[in-house]
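Here the structure comes first, spelled out in structure tokens, and everything after it is commentary.
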Amino acid sequence: MSERPRYSVLYNYIDTHVDEFIEGLKELLAKPSISTQGIGLRETAEYLKNVMERIGIKTTIVETSGAPVVFGEITVDTSRPTILVYGHYDVQPPEPLEDWLSPPFQPTVRNDRIYARGAGDNKGQLYAQLMGMKSILATKFPLGVNVKFIFEGEEENGSPHLEEFITTNKERLKADFVYTSDGPLHESGRPVVQLGVRGILYLEFTAKGASRDLHSGNWGGLIVNPALRLIDLITTMREPFSGKMLIEGFYDNIRKPTEEEKKILESIPLDREGVAKDLGLDPSQIPSSIEFYTKLMFQPTFNICGFISGYTGKGMKTIIPSTATLKMDMRLVVDQDPDDIFKKVQQHVKKYAPDVQVKKLGQMRPSRTPVENKFVKTVYSAVEQATGLTPLIYPSLGGSLPDYVFTGILGIPSIMVPYANIDESNHAPNENLAIPLFIRGVKCFSTLLATLSQE
Ligand SMILES: [Zn+2]
């Protein structure tokens with residue numbers, strides 16, 4: 001088992017088919033598929049289905065209430081493990097067009113990079129998985145793992161129908177773990193194995209005073225100021241200066257990092273000087289590495305995104321504003337439940353300021369796959385083998401993705417391994433994918449399939 005002699009055959013095949021892989025990716029990138037504008041989604045899904053069928057993947061287009069999902073599968077033996085690959089074929093709008101050096105839907109190679117909308121996010125990365133699959137089949141590697149693919153067309157629009165799709169296709173999606181490649185490598189160029197995300201709860205608080213702005217002298221001290229009302233409320237929710245949350249039960253369900261997770265946090269490098277310089281701060285304002293990653297991955301936040309009230313123009317205007325609105329996001333960590341936290345916020349507001357309205361504008365659940373899971377070790381060693389580099393493990397991202405649909409609804413581990421360069425400029429003009437990293441992605445996925453086949 002330790003010899004793995006066929007890897008050289010596999011890598012040789014990949015290295016001699018680079019041009020073909022690039023040409024194929026360029027064709028896929030030339031199809032606009034802009035989810036937020038509803039452009040080209042079905043055409044791209046159909047195109048992808050054809051690509052997958054040519055590789056030998058049994059593929060169907062599955063309808064949802066939104067854009068179709070492309071579902072593919074290769075079943076070798078139901079007693080063997082099954083990997084479920086997730087990706088998205090939709091892209092962000094390309095605007096502003098004048099900033100592109102070559103047109104966004106005319107893929108162009110410059111400096112060993114492919115430039116096009118979707119090159120990194122996410123067509124290039126999902127295509128790397130497909131070419132990895134193709135390489136395994138073409139070299140007749142004895143495949144010992146079942147493979148399923150789901151490529152959705154609404155990720156850039158917030159995946160509004162992914163939960164519905166997962167819930168209604170549970171049986172069809174049965175697998176041992178989910179594998180996703182999206183986003184960039186670590187800035188050092190080291191590969192990353194990501195195991196979770198923070199959730200989010202987005203709220204809007206509104207306080208109302210008189211039916212119009214009032215003279216602050218004639219009415220001062222007599223009428224409630226809605227801006228102060230909101231500030232008073234906030235200080236009952238969060239202890240000033242310490243930042244400790246005072247909402248009853250807010251910390252109840254937070255899962256603490258395990259010993260192994262703590263060890264991993266210590267191993268993630270942090271360039272404090274570099275971060276401070278980039279943000280225009282003093283290095284003393286950046287927490288030490290362990291505190292930085294503990295806060296980012298294992299602790300919730302309470303953040304004011306915006307506060308609208310009163311007069312903000314030039315000079316003085318003495319008024320008591322008639323309304324105040326505050327927008328807030330809380331990043332939540334496992335096992336905080338956004339529905340539960342929202343209820344606790346509502347109860348808190350009812351107790352301290354029942355006249356203030358609270359509206360929920362959005363939410364997503366947090367998700368985490370334990371680092372101790374056996375497939376994490378398999379993925380880690382496959383990535384190490386394919387890249388020749390020691391991967392970093394991130395127990396969680398600071399941001400939010402709908403990862404809970406896999407860990408929560410399907411109840412299986414979810415592991416993310418990004419392939420793109422750090423400067424992929426996704427969502428921006430001149431989006432690009434470094435060709436060596438694209439090919440490394442092909443090797444990563446085929447090595448993962450090979451590793452799983454031999455376990
Ligand atoms: Zn994106």
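The values are calculated or read from the model by the stated rules, or taken from the named source; none is laboratory data. Just so we're clear, the structure is a prediction, and the values are computed from it rather than from any experiment. Note: ideal-geometry Cβ built from the backbone for every residue, glycine included; neighbour counts use all protein chains shown. For the accessible areas, the whole protein counts, side chains as well, though only heavy atoms, and no ligand, DNA or RNA atoms are used. Shrake-Rupley method; radii C 1.70, N 1.55, O 1.52, S 1.80 Å.
Counting Cα-Cα pairs of the range 178-288 in 5 Å increments starting at 0 gives whole-percent bin shares of 2, 7, 10, 11, 14, 14, 13, 9, 7, 5, 4, 3, 1.
Pairs of Cα atoms nearer than 8 Å and 6+ residues apart set the relative contact order; for the chain it is 26 percent. The mean sequence separation of alpha-carbon pairs under 8 Å and at least six residues apart, normalised by the residue count of the range 343-455, gives a relative contact order of 29 percent. In terms of distances greater than 27 angstrom between alpha carbons, the cross-link table entries LYS174/LYS443; LYS58/LYS170; LYS174/LYS374; LYS244/LYS351; LYS123/LYS277 yield LYS123/LYS277.
Mind listing the long-range amide H neighbours of GLU431? Cut-off is under 5 Å, sequence gap 5 or more, other chains count too, H placed in the peptide plane at 1.01 Å from N. Sorted by chain and number, the residues that satisfy this are ALA116.
Compactness check for the chain: Cα Rg over 2.2 N^0.38 Å is 1.10. When only alpha carbons of the range 410-455 are considered, Rg and Dmax amount to 14.1, 43 Å.
Look at the alpha carbon pairs under 8 Å that are at least 6 residues apart: their mean separation over the length of the range 4-153 gives a relative contact order of 33 percent. Under 16 Å of direct C-alpha separation, and excluding same-chain neighbours fewer than eight residues apart, LYS350 reaches these lysines: LYS208, LYS359, LYS360.
Please compute the per residue accessible area over the range 183-227 with all protein chains in place, 1.4 Å probe, rounded to a whole number of Å².
On the way: 2000 Å² over 45 residues.
In whole numbers, the range 183-227 has 45 Å² accessible per residue.
Mind putting together the pair-distance distribution for the range 37-130? All Cα pairs, 10 Å bins, whole percent per bin, short to long. The percentages, shortest bin first, are 14, 40, 30, 12, 3, 0. Across all directions, the average projected area of the convex hull around the alpha carbons of the range 355-418 is 6.1 nm². Computed over the chain, the per-residue total of -39500 (n - 2.57) for DSSP H runs of n ≥ 4 gives a 222 nm mean residue ellipticity of -10500 deg cm²/dmol, rounded to 500. For the range 37-79, report the % of Cα-Cα distances exceeding 17 Å. For the range 37-79, the share of Cα pairs beyond 17 Å comes to 37 percent. At q = 0.13, 0.17, 0.18, 0.28 Å⁻¹, what is the base-10 log of I(q)/I(0) for the range 100-165 according to the Debye formula with one equal point scatterer per Cα and no solvent? Please give it to two decimals. For the requested q values the scattering log ratios are -0.57, -0.83, -0.88, -1.17.
Counting only the Cα atoms, the range 223-267 fills a convex hull of 104 Å³ per residue.
Excluding ligands, DNA and RNA, the accessible surface per residue across the range 266-363 is 58 Å² with a 1.4 Å probe.
Taking a quarter of the surface of the convex hull around the Cα atoms of the range 255-361, what do you get in nm²? The number I arrive at for the range 255-361 is 10.7 nm². Label sites at GLU98 and HIS427, each approximated as a point 7 angstrom past Cα along Cα to Cβ, lie 2.4 nm apart. If you wrap the tightest convex hull around every Cα atom of the range 124-248 and split its volume per residue, you get 272 Å³. Here the Karplus curve 6.51 cos²θ - 1.76 cosθ + 1.60, taken at θ = phi - 60°, turns the phi angles of the range 416-425 into couplings of 10, 10, x, 10, 7, 5, 4, 9, 5, 6 Hz, with x standing for Gly and Pro.
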